[in-house]
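Each remark here refers to the structure printed beneath this line.
The values are calculated or read from the model by the stated rules, or taken from the named source; none is laboratory data. Computed from a prediction, not measured in an experiment: that's the story for all the values here. Note: ideal-geometry Cβ built from the backbone for every residue, glycine included; neighbour counts use all protein chains shown.
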Amino acid sequence: MKKWISLGLTAVTVMAVLAGCSNGDKVAESATSSAATNTQQSSAVKKNEPATLKIMIPGDRPKDFDSVIAEAEKRMSGTLNVKLNVVFVPFSDITQKTQVTLASGEDVDLVFDAPWVHLSQMVAGNYYEPLDDLLKQYGPDILKTRSEQLWNSNKYNGKIMAIPLTNSYFQGRVFYVRKDLREKYGVAPIKTYDDLISYAKVIKEKETNIAPIISNKGPMDWANFRKVFDYDSHIDDTQIGTNGVLFLKNNDGKVYNMFDQMDSTVWNWIIDARKLYTDKLMYQDVLSVKDAKAEYKAGKAAIINANDFGVNADDAAAVKKSVNGEIEAVTLFKQEKGANVSTFQAWNFLALTHVSKNKERAIQFLNWTQQKDNYDLLAYGIKGKNWEPVGDDQYKKLDNDYAWFPYAWLWNPTMDRYDQSLGAETIALNRYTAVAENFTPSKLAGFTFDSASVANEVAQLNTLRDKYMDPIFNGVVDPQTYWDKYKAEASSAVKKIQTEMQKQIDAFLSVKK
């Protein structure tokens, strides 16, 4: 990454501030310099007056959060003099709560947002402050902990409107597999999708009280999930999310409409999901289950699709407790340079509100969090109580009193530590996906779709998606019959969205060239 010129400038600024604080009683040494010195004094006092930052993020408040914040405030006393009022909002309420807060003009400084929440809409509504100048002046460490690819691919209309939060450039995904049952029946370690289905058939034959497979829904529908490991045409969703109809592929900058011409690969995935269901390899109540992961943790299935590489420690503990089972993670991800395409777009963001009265201090605080010791404190808790370091990029969890949530306000690919319990293979995968140069850049890296002109059509499609996609892509219904119904109701809206999106992509690519 290029060195940011602001790093040196900010260092000079900080030194000037500190000098102004310590030598304030000597400002009248010469008439010539008095005006400049008084200005420096005023700036220093202003920057170091106590300020409380209100921060709104998703999740549950960890048990030891107050102790961690007290330590952070202690470290900042006398320099930043920042107090933290962190408001935790349940994930199920984050969209509505932050929307109401922003629309009302409530006094809040930093807000979690994401493309899957309402980031584009809030940016378009001018609820967030552009950050380019603020970061150059007050956020050198924020800038240098993220690659140029990450910054360039997460701008809105050419501006940095929120800080991207991610620890990698590719979303790891796996299949959880009951390792204890695999070993019990002498099944070899799973290396391919066909191996996975063969294992499912063994479970159906040998274990009559559990389902071989249970699938999540939405983007994680069984057939949708297959996109992650498609190395032939790199099929992917567009920026309006997963709907089973509009796709990108071949990294060619084209929007494909499956109502116009069904892609044979996608259709084969759908047919495969249907066969799994009719052969009773798929959990028969997959549509009615509210939380597929909870069913899996209760021991009701042998396979489930999951986000992130490796096995989550809480998931492993739950299966161990419920059925004395053991989970292993199987991924079909290719760890080959250039094999995977990345848009370098983040999934989570932290935005500075336009109404904030502490804009400079908020960025100074976030810059403070991007220094190693401070990042470790807020990401993992009190060293020696909640965690202990293992080398430079791993940690060992010592208790459960400080839940892990850097994804909500701190995350960057440079300072994130990996849980030692994940194991060497998973840590190697995570390290690999944290290096931007390992990926082929998407032609659409940096593109942002403005859906304002087709907002009604997007809303209509989303409603119909909820009606049809899960049943089709999890194999519960006859695919051709339900696809025809989906097409009859949604094709008009889809065509308008496709046309508008392609127009914007073509304009983006013409400038990019």
Name the one entry in ILE240, ILE203, ILE214 that is under 20 Å from THR343 (Cβ atoms) and either in contact (Cβ under 8 Å) with a residue 40 or more places away in the chain or over 26 Å from the mean Cα position of the chain (by Cα) (or both). ILE240
Residue hits (segment 322-337; surrounded by fewer than 19 Cβ atoms within 10 Å (Cβ to Cβ) and not in a loop (DSSP other than H, G, I, E, B)) are SER322, VAL323
Complete set of residues in segment 263-301 that are crowded, with 17+ Cβ neighbours inside 10 Å and on the phi > 0 side of the Ramachandran plot: GLY299
Only one residue in LYS254, LYS227, LYS184 is among the basic types (Lys, Arg), at pLDDT 95 or above, out of contact with any strand residue (DSSP E or B) (no Cβ under 7 Å at 6 or more places or on another chain) and closer than 26 Å to GLY338 by Cα, so which one is that? LYS254
Is segment 483-490 home to any residue that is more than 27 Å from the chain's Cα centre (by Cα), among the acidic types (Asp, Glu) and more than 16 Å from SER153 (Cα to Cα)? yes
Would you mention how many residues in segment 243-285 are of a type in the set (Ser, Thr, Tyr), touching a residue at least 24 places away in the same chain (Cβ under 8 Å) and outside any loop (DSSP other than H, G, I, E, B)? 3
What number of residues within segment 141-165 satisfy the criterion of being touching a strand residue (DSSP E or B) at 6+ places or on another chain (Cβ under 7 Å) and more than 17 Å from PHE447 (Cβ to Cβ)? 4
Mind counting the residues in segment 252-284 that are charged (D, E, K, R) and out of contact with any helix residue (DSSP H, G or I) (no Cβ under 9 Å at 6 or more places or on another chain)? 3
Segment 75-163: helices (runs of 4 or more DSSP H) wholly inside it with 2 or more residues that are more than 28 Å from PHE439 (Cβ to Cβ) and free of Cβ contacts under 8 Å to residues at least 40 places away in the same chain are 94-104
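Matching residues to (1) modelled with pLDDT of 95 or more; (2) acidic (Asp, Glu); (3) closer than 28 Å to VAL289 by Cβ:
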{"residue": "GLN460", "(1), (2), (3)": "yes, no, yes"}
{"residue": "ASP466", "(1), (2), (3)": "no, yes, yes"}
{"residue": "PRO471", "(1), (2), (3)": "yes, no, yes"}
{"residue": "TRP483", "(1), (2), (3)": "yes, no, yes"}
{"residue": "ALA493", "(1), (2), (3)": "yes, no, no"}
Helices (runs of 4 or more DSSP H) wholly in segment 397-513 with at least 2 residues that are in contact (Cβ under 8 Å) with a residue 24 or more places away in the chain and over 30 Å from ILE382 (Cα atoms) - which ones? 455-473, 479-512
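Per-residue answers, yes or no, for (1) under 24 Å from the mean Cα position of the chain (by Cα); (2) among the hydroxyl-bearing types (Ser, Thr, Tyr):
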{"residue": "ASN456", "(1), (2)": "no, no"}
{"residue": "GLN460", "(1), (2)": "no, no"}
{"residue": "ASP466", "(1), (2)": "yes, no"}
{"residue": "THR481", "(1), (2)": "no, yes"}
{"residue": "ILE497", "(1), (2)": "no, no"}
Where ASP109 falls short, out of the listed (1) surrounded by fewer than 20 Cβ atoms within 10 Å (Cβ to Cβ); (2) under 11 Å from THR353 (Cα atoms); (3) charged (D, E, K, R): (1)
Tally the residues that are among the charged types (D, E, K, R) and over 16 Å from TYR380 (Cα atoms), restricting the search to segment 44-72. 4
Limited to segment 54-74, what total is found for residues that are part of a helix (DSSP H, G or I), touching a residue at least 60 places away in the same chain (Cβ under 8 Å) and farther than 14 Å from TRP409 by Cβ? 2
Of the numbered conditions (1) at pLDDT 95 or above; (2) out of contact with any Pro (no Cβ under 9 Å at 6 or more places or on another chain), ASP419 satisfies every one except a single condition; which is it? (1)
Do you know which of the residues in segment 58-84 that are surrounded by fewer than 16 Cβ atoms within 10 Å (Cβ to Cβ) and under 23 Å from the mean Cα position of the chain (by Cα) is nearest to THR369 (Cα to Cα)? ARG61
Given (1) more than 25 Å from the chain's Cα centre (by Cα); (2) assigned to a loop (DSSP other than H, G, I, E, B), number of the condition VAL319 does not satisfy: (2)
For segment 288-314, which positions are more than 22 Å from the chain's Cα centre (by Cα), not in a loop (DSSP other than H, G, I, E, B) and not acidic (Asp, Glu)? TYR296, LYS297, ALA301, ALA302, ILE303
